[in-house]
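Student: Structure below; questions to follow.
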Amino acid sequence: MKIQSTLLGAAIVALLLTGCSPARLLAVAGNNNSFELIRDISYGDNPRHKMDIFQPYKQAASRCAILFFYGGSWQNGERANYHFAAQGLTRSGCVVAVADYRLYPEVSYPVFIEDGAKAFVWLQNNAKTYNINTNNLYIAGHSAGAYNAAMLAVKGDLLQSLGATQQDIRGVIGLAGPYDFLPFTDKEIIALFSTAPDEQTQPVNHVNGKTPPFLLLTGGDDTTVLPKNTDSLAKTLVQQGNRVRTKTYPDIGHVGIALALSPVFAGKAPVITDITQFIRDTEGN
């Protein structure tokens, strides 16, 4: 499996004509000045241990918070190019943090997931500063980022090593994630996961009865990360007695489901609406 490493597709070719980053233009085009953006926050010592936090205005106390991981085959990506996703997610009423994490070939499995755990615990420890309700702290991601989020939720030792638990995650939101994608065929994917037996790298093989609720979203036209990944993880979660909600959007592909997070393309699929409803249905006091 080769996971698409960029969100720059035919849908935003017109934006390319301006000479600017299309992903950044998506955020600018949809900016309704409803949030405050705090940039370049360090959650660790590595240069890649940075996050940007979006705080909704006109909200005395945060109802919820979302830590978002972007995709890119665990080899590419930077948080600034996913501000459009964070901006869209603030419409759920949540504080949204977009975190960078270390990439291959600098690191291999499971370091990029461990970075996610570090970012999650950092948000817990700095909740008051950034108006974060730790009772309702969600993790979300697209593609490889959805894999990272899922692994944090099902593989409990990653958080336990930092003093947190799976139960500290209020819910998991996965968009077009690879959760059950053996056998590996791409040489870079083979290399970056070569540090563990193949079966141990799959989220579906770590599910237990202690995982938080899952919302798994996928596109019916996704040929990059096949919808069967969502089906497999959902089936296993149910078998282990966990709560899971799934939805497949017809005529939406791997890039389209991510673009639907942007206010500009929100009409393509009700991704934000479905995420907001999931949060309302699962949030605590």
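The values are calculated or read from the model by the stated rules, or taken from the named source; none is laboratory data. Fair warning: this is a prediction, and the values are worked out from it, not measured in the lab. Here the Cβ positions follow ideal geometry from the backbone for every residue, glycine too, while neighbour counts run over all protein chains shown. Side chains are part of the model used for accessible areas, which takes the heavy atoms of the whole protein and leaves out ligands, DNA and RNA. Shrake-Rupley method; radii C 1.70, N 1.55, O 1.52, S 1.80 Å.
Student: Can you pick out the pairs among Lys210/Lys235; Lys50/Lys187; Lys247/Lys268; Lys118/Lys235 whose Cα atoms lie more than 18 Å from each other? It would help to have the intermediate numbers written out before the result.
Tutor: Working: Lys210/Lys235 15 Å; Lys50/Lys187 28 Å; Lys247/Lys268 14 Å; Lys118/Lys235 29 Å.
The pairs that break the limit, which is 18 Å between Cα atoms, are Lys50/Lys187; Lys118/Lys235.
Student: Please express the shape of segment 60-204 as an equivalent ellipsoid: the semi-axes are the square roots of 5 times the eigenvalues of the C-alpha gyration tensor, given largest first in whole angstrom. If you can, show how the numbers build up before the last one.
Tutor: Numbers: eigenvalues 134, 53, 32 Å².
One finds semi-axes of 26, 16, 13 Å for segment 60-204.
Student: Sticking with this structure for a sec: Sticking to Cα atoms, compute the Rg of segment 190-285 to one decimal and its Dmax as the biggest Cα-Cα distance, whole number, in Å.
Tutor: Radius of gyration, then largest Cα-Cα span, for segment 190-285: 15.2, 44 Å.
Student: On to the next question. Which FRET efficiency, nearest 0.05, do Ser161 and Asp231 yield, Cβ-Cβ r, R0 35 Å? Could you put the intermediate results ahead of the total?
Tutor: Working: r = 31 Å, r/R0 = 0.88.
For Ser161 and Asp231, the calculated efficiency is 0.70.
Student: Same structure, new question: Rounded to the nearest 500 deg cm²/dmol, what is the calculated helix-only ellipticity per residue at 222 nm for the chain, with -39500 (n - 2.57) per DSSP H run of length n ≥ 4? Before the final figure, lay out each step's value.
Tutor: Values: 10 runs with 85 residues, N = 285.
One gets -8000 deg cm²/dmol as the mean residue ellipticity at 222 nm.
Student: If I take all pairs of Cα atoms in segment 243-285, what percentage of them are more than 12 Å from each other?
Tutor: Every Cα pair in segment 243-285 considered, those over 12 Å come to 62 percent.
Student: Taking all protein chains as present, what is the carbon and sulfur share of the accessible area of segment 168-285, in % to the nearest whole number, probe 1.4 Å?
Tutor: On the way: 2360 of 5090 Å².
With neighbouring chains kept in place, the figure for segment 168-285 is 46 percent.
Student: Also: Tell me, which longest segment in the chain has none of the trypsin sites (Lys or Arg not before Pro) that fall in DSSP loops with at most 15 further Cβ atoms within 10 Å? Before the final figure, lay out the partial values.
Tutor: Details: sites that count: Lys2, Lys58, Lys128, Lys210, Arg243.
Here the longest run is 129-209.
Student: Related question: Identify, among Gly93, Ile139, Ala65, the residue whose Cα sits farthest towards the positive end of the charge dipole of segment 24-177, taking +1 on the Cβ of Lys and Arg and -1 on the Cβ of Asp and Glu, with the dipole about the Cα centre.
Tutor: Projecting each Cα onto the dipole axis, the largest value belongs to Gly93.
Student: Run through every distinct alpha carbon pair of segment 153-225 and return the Kirkwood hydrodynamic radius in angstroms, one decimal place. Don't jump to the answer; show the numbers that get you there.
Tutor: Details: mean 1/r = 0.0715 Å⁻¹.
Here the Kirkwood hydrodynamic radius works out to 14.0 Å.
Student: Provide the convex hull volume over Cα atoms per residue for segment 201-248, in Å³.
Tutor: Details: hull volume 3.1 nm³, N = 48.
Normalising the Cα hull of segment 201-248 by residue number yields 65 Å³.
Student: Here's a follow-up. Once neighbouring chains are kept in place and the probe is 1.4 Å, which whole percent of the accessible area of segment 88-167 is contributed by carbon and sulfur?
Tutor: Values: 1020 of 2400 Å².
Taking all protein chains in place, segment 88-167 shows 43 percent carbon and sulfur surface.
Student: State in Å² the accessible area per residue of the chain; use a 1.4 Å probe, count heavy atoms of protein chains only, and round to the nearest integer. Write out the running numbers ahead of the final one.
Tutor: On the way: 11540 Å² over 285 residues.
Using a 1.4 Å probe on heavy atoms only, each residue of the chain averages 40 Å².
Student: Binned at 5 Å from 0, what are the whole-percent values of the Cα-Cα distance distribution for the chain, short to long?
Tutor: 1, 6, 14, 19, 21, 19, 13, 6, 2, 0, 0
Student: Just the Kirkwood number for segment 42-142, please: inverse of mean 1/r across all distinct Cα pairs, in Å, one decimal.
Tutor: Details: mean 1/r = 0.0732 Å⁻¹.
Kirkwood hydrodynamic radius for segment 42-142: 13.7 Å.
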